[in-house]
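The structure under discussion appears below in the form of structure tokens.
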Amino acid sequence: MRIDILSLFPEMFEGVLHSSIMKKAQENEAVDFDVVDFRDYSENKHKKVDDYPYGGGAGMLLKPEPLFAAVKAVSSRGDTTPRVILMCPQGERFTQKKAEELAEEEHLVLICGHYEGYDERIREHLVTEELSLGDFVLTGGEIAAMAVVDSVVRLLPNVLGNEDSPVLDSFSTGLLEHPQYTRPANFNGLEVPEVLLSGNHAKIDQWREEQSLIRTFERRKDLLETATLTEHQIKLLNQLKKEKK
């Protein structure tokens, strides 16, 4: 996969893209990153990328010319038409399902905004879609882009040490992940559930399935509205609802 990130502050990505899993992904040739300062594509002699909004109002807007030119330049580097994503609080809320969808792409372009917003022509005629981390506003799109990149790249082949890890993550199954434990089996009188020490993998799988459903019911009931449940999970869910009445 190729990921181009357009930002006015490319130095913000140094630690994120060259540490931990992102570093490993590049070493394994699973992904190729390039962070581009789209100020370099401004035709203004002062490299100006923003201007006052027509009609008045607070703040400054990103101008269309530098971003259109930057996207055109990075798009030509790949063999396929990239998916151009605008990081914006007005966009579709980013989810694990969207991360899995983006992980199937060959080329992504992420645009990090700043100031009051974007010239509307950028939304209408340049980008494929807009993504938001949630109902809050950040100073710029860089942190949101980092989160999207991290969640997408970890899903690529040969990135995580255990190929089952992304499959078992919270949200990948539609439910929250089950509780997990490691050594020691007894810590200050706090014991690991006996079933996990039994060696009976069928019972362990059943326990994990049940705990995943219980945790989702207790913490994120909204996820149950769209989750695909087994017959056993439906029975357990009905039981949980009765107990909570």
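Give the Debye-formula value of log10 I(q)/I(0) at each listed q (0.12, 0.22, 0.24 Å⁻¹), with one equal scatterer per alpha carbon of region 80-144, two decimals each. Log-scaled intensity ratios, in q order: -0.29, -0.96, -1.11. Mean projected area of the convex hull spanned by the Cα atoms of region 140-245, taken over all viewing directions: 10.3 nm². Bridge orientation summary for the chain: considering DSSP beta bridges with both residues in this region, about 15 percent are antiparallel.
Express the relative contact order of region 1-121 as a whole percentage, based on alpha carbon pairs under 8 Å and six or more residues apart in sequence. It would help to have the intermediate numbers written out before the result.
Details: 164 pairs, mean separation 41.2, N = 121.
Reported as a whole number, the value is 34 percent.
Placing dummy labels 7 Å off each Cα toward the beta-carbon, the span from R220 to M60 is 3.9 nm.
Mind giving me the FRET efficiency for S172 and D150? R0 is 22 Å, r the Cβ-Cβ distance, nearest 0.05 is fine.
Values: r = 15 Å, r/R0 = 0.68.
That gives a FRET efficiency of 0.90.
Averaged over residues, the count of other Cβ atoms within 10 Å places the peptides 28-39, 187-198 in the sequence 28-39, 187-198, highest first. Report note on the peptides 58-67, 15-24: ranked by the mean count of other C-beta atoms within 10 Å, highest first, their order is 58-67, 15-24. In terms of overall dimensions, region 1-130 has a Cα radius of gyration and Dmax of 15.3, 51 angstrom.
The orientation-averaged projected area of the convex hull spanned by the Cα atoms of the chain comes to 18.7 nm². For region 6-59, the extents of the C-alpha atoms along the principal axes are 50, 24, 16 Å, listed from largest to smallest.
Could you tell me what percent of the DSSP beta bridges with both partners in region 34-178 are antiparallel, to the nearest 5?
Numbers: 2 of 14 bridges.
Restricted to region 34-178, the bridges split so that about 15 percent are antiparallel.
Take H201: with every protein chain present and a 1.4 Å probe, its accessible area is about 130 Å².
The values are calculated or read from the model by the stated rules, or taken from the named source; none is laboratory data. Because the structure is a prediction, the values reported are computed rather than measured. Using ideal geometry, Cβ is built from the backbone for each residue, glycine included, and neighbour counts are taken over all protein chains shown. Only protein heavy atoms, including side chains, enter the accessible area calculation; ligands, DNA and RNA are left aside. Shrake-Rupley method; radii C 1.70, N 1.55, O 1.52, S 1.80 Å.
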